[in-house]
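Taking it in order: structure first as structure tokens, then the write-up.
The values are calculated or read from the model by the stated rules, or taken from the named source; none is laboratory data. On a predicted model such as this, the values are computed, not experimentally measured, just so you know. Cβ atoms come from the backbone with ideal geometry, glycine included; neighbour counts cover every protein chain shown.
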Amino acid sequence: MRKLVFSFVFLVTILPTGAQTIINRDPEISRMVDEISCERIEQDVRKLVSFHTRHNLSSQTDPSKGIGAAWNWIKAEMEKSIPVSEGRLEVKFEEYTVGGQGQRIARPVTLKNVIATLRGTDSSDDRKILISAHLDSRVQLDNDSTSFAPGANDDASGIAAILEMVRIMSAGKFPATIVFMALSGEEHGLYGARHMAAKAKEENWNIVAMLNNDMIGNSGSSETLLNDNMRVRVFSEGVPAYETEQMAALRRYTSGENDGKARQLARYIKEVGERYVDQLNVTLVFRNDRFGRGGDHSPFCQEGFTAVRICEFNENYDRTHKIPAVVNGIQEGDLPEYVDYEYVRKNTGINLATVANLALAPFEPENCGIVVSGLTNKTTLRWVTPSKGQEPAGYYILIRETYQPLWEKKIFVTGTEVTLPYSKDNYFFGIQSVSASGHESLALFPGQARRQASQR
Ligand SMILES: [Zn+2]
């Protein structure tokens, strides 16, 4: 016999625009977001530019120029936070070899990623939340390893965001593990990210989310001359790059082509990011990356992980990958004076808020399903309490009409089953676990409920 177990239900928000109101800011996450410093971000970007080039074939031994000096400096900066982490932060190089005749990198080279891992406070919690940016830079020609390649926006802005998060978050106590990645090899084929994604797959990492930050500091466009530091893009794949026959069958059965895991993560970044960061609109772009292009999140998607790209809304192609020079009266080159540091600060904030909220959240509910027995205009959802980690204080049921991009309603329930007066034919649903202090997990998109849901 089916039993209705929810004890109370309340509506968190309904707005005609579909936007969600602020639920509650966790004062601790707010404090960390407020700590992000424009000045430190600018200092970091200028320091990275001072290495002249961070080309993948540039010097690894010169103490002040080239990619080697850059990764050594990044590692040393991250290591400064080991004491405040009480030994939970570990900073390591991850090496891999790429290149050779006929390849984009013309000779074999061993490159290094800098990986800072903030171990979770709960040793039984195997979840990892990954955040990345790339440390290499380039100009037009693939193998020009000596020209000035400042890469201030692409992607010193992302590295500065990561460094700032390591400084601020290392003292925090998060049950899940956070992995901060400064990756090399991006500009020649995402090699550093490919290496990490393969390693994660091989070692069977339980990755909740991967956030790739590539170019988060340019606020004006070339040609169209738009200027906007109040919008940032989150790119997410729709139909996953990695999809088994079984996943495809479930997608067709549920009409879930707009509800893959990356899409749920993107919606989560919008909701949580905007909860904590003022004057920033997170704009979801429903594609994996820019038209026909990719980034360091792509290898993670291909390995079956949940990964998105965070990127400025407007790009300036007079600057990207150009040798600094005045051409037809226009100053070209990716120089530090063109980075909008206030914009980087806000974009760092949405990253920090998302990662912190996820790392504090309970595990996702399991076996989420819609009950399909009998014809009814109501919808019964059923799920199972997560088998690991803290027990959720309850669950959020997310609801939207099928043609809407964002969740429109968010309802708190306790128990593991609920019946709502919304037809499953006309609405999509999502289910999140939520802690007593309001940290929610990513949303699970329900399939068909199994006949008997077991309890822990
Ligand atoms: Zn880039």
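The set of residues in segment 107-145 that are of a type in the set (Lys, Arg) and within 13 Å of the ligand (Cβ to nearest atom) contains only 138. Of all the numbered requirements in (1) among the aromatic types (Phe, Trp, Tyr); (2) buried (at least 18 other Cβ atoms within 10 Å of the Cβ); (3) away from the ligand (no atom under 16 Å from the Cβ), residue 253 misses one, and that requirement is (2). May I ask you to verify whether residue 345 is of a type in the set (D, E, K, R) and surrounded by 22 or more Cβ atoms within 10 Å (Cβ to Cβ)? The answer is yes for residue 345.
When segment 143-168 is filtered for residues that are β-branched (Val, Ile, Thr) and assigned to a helix (DSSP H, G or I), the ones remaining, listed by number, are 159, 162, 166, 168.
How about segment 211-233: which of its residues are assigned to a strand (DSSP E or B) and within 16 Å of the ligand (Cβ to nearest atom)? Selection gives 211, 212, 213, 232, 233.
The strands (runs of 3 or more DSSP E) found entirely in segment 257-337 that carry 3 or more residues being free of Cβ contacts under 8 Å to residues at least 12 places away in the same chain and of a type outside the set (Phe, Trp, Tyr) are 325-327.
Checking segment 351-360 against the condition returns no match, with no residue being out of contact with any helix residue (DSSP H, G or I) (no Cβ under 7 Å at 6 or more places or on another chain), under 17 Å from residue 220 (Cα atoms) and buried (at least 21 other Cβ atoms within 10 Å of the Cβ). Within segment 239-246, does at least one residue satisfy the condition of being within 16 Å of the ligand (Cβ to nearest atom) and in a loop (DSSP other than H, G, I, E, B)? The answer is no, given that none of the residues of segment 239-246 is within 16 Å of the ligand (Cβ to nearest atom) and in a loop (DSSP other than H, G, I, E, B).
A single member of 276, 242 is of a type in the set (Ser, Thr, Tyr) and either farther than 20 Å from residue 406 by Cβ or touching a Pro at 6+ places or on another chain (Cβ under 7 Å) (or both), and it is 242. Of all residues in segment 146-161, which are away from the ligand (no atom under 11 Å from the Cβ) and either free of Cβ contacts under 8 Å to residues at least 40 places away in the same chain or among the hydrophobic types (A, V, I, L, M, F, W, C) (or both)? Scanning segment 146-161 gives 148, 149, 152, 160, 161. Of all residues in segment 25-65, those satisfying the criterion of being without any contact (Cβ under 8 Å) to a residue 60 or more places away in the chain and either of a type in the set (Lys, Arg) or touching a Gly at 6+ places or on another chain (Cβ under 9 Å) (or both) are 31, 34, 47, 51, 59, 60, 61, 62, 65. Contact map, segment 67-95: first residue under 29 Å from residue 150 (Cβ atoms), second residue at pLDDT 95 or above and part of a helix (DSSP H, G or I), Cβ cut-off under 6 Å, separation 6 or more or different chains; pairs are 77/163; 78/166; 81/166; 81/167; 91/75; 91/78; 91/79. When you scan segment 105-117, do you find a residue that is in contact with a His (Cβ under 6 Å, 6 or more places away or on another chain) and surrounded by 18 or more Cβ atoms within 10 Å (Cβ to Cβ), even just one? Among the residues of segment 105-117, at least one is in contact with a His (Cβ under 6 Å, 6 or more places away or on another chain) and surrounded by 18 or more Cβ atoms within 10 Å (Cβ to Cβ), which makes the answer yes. Please tell me if residue 166 is more than 13 Å from the ligand (Cβ to nearest atom) and either crowded, with 23+ Cβ neighbours inside 10 Å or closer than 24 Å to residue 357 by Cβ (or both). So residue 166 passes the test. If you go through segment 178-207 and pick out every residue that is part of a strand (DSSP E or B), away from the ligand (no atom under 16 Å from the Cβ) and buried (at least 23 other Cβ atoms within 10 Å of the Cβ), you end up with 2. Assess whether residue 171 counts as being more than 15 Å from the ligand (Cβ to nearest atom), of a type in the set (A, V, I, L, M), assigned to a loop (DSSP other than H, G, I, E, B) and out of contact with any strand residue (DSSP E or B) (no Cβ under 7 Å at 6 or more places or on another chain). In short, yes. Any residue at all in segment 84-104 that is within 29 Å of residue 46 (Cβ to Cβ), within 16 Å of the ligand (Cβ to nearest atom) and modelled with pLDDT of 95 or more? Taking every residue of segment 84-104 in turn, none turns out to be within 29 Å of residue 46 (Cβ to Cβ), within 16 Å of the ligand (Cβ to nearest atom) and modelled with pLDDT of 95 or more.
Return a yes/no flag: does segment 424-435 have any residue that is at positive phi, in contact with a Pro (Cβ under 6 Å, 6 or more places away or on another chain) and buried (at least 20 other Cβ atoms within 10 Å of the Cβ). No, that holds for no residue.
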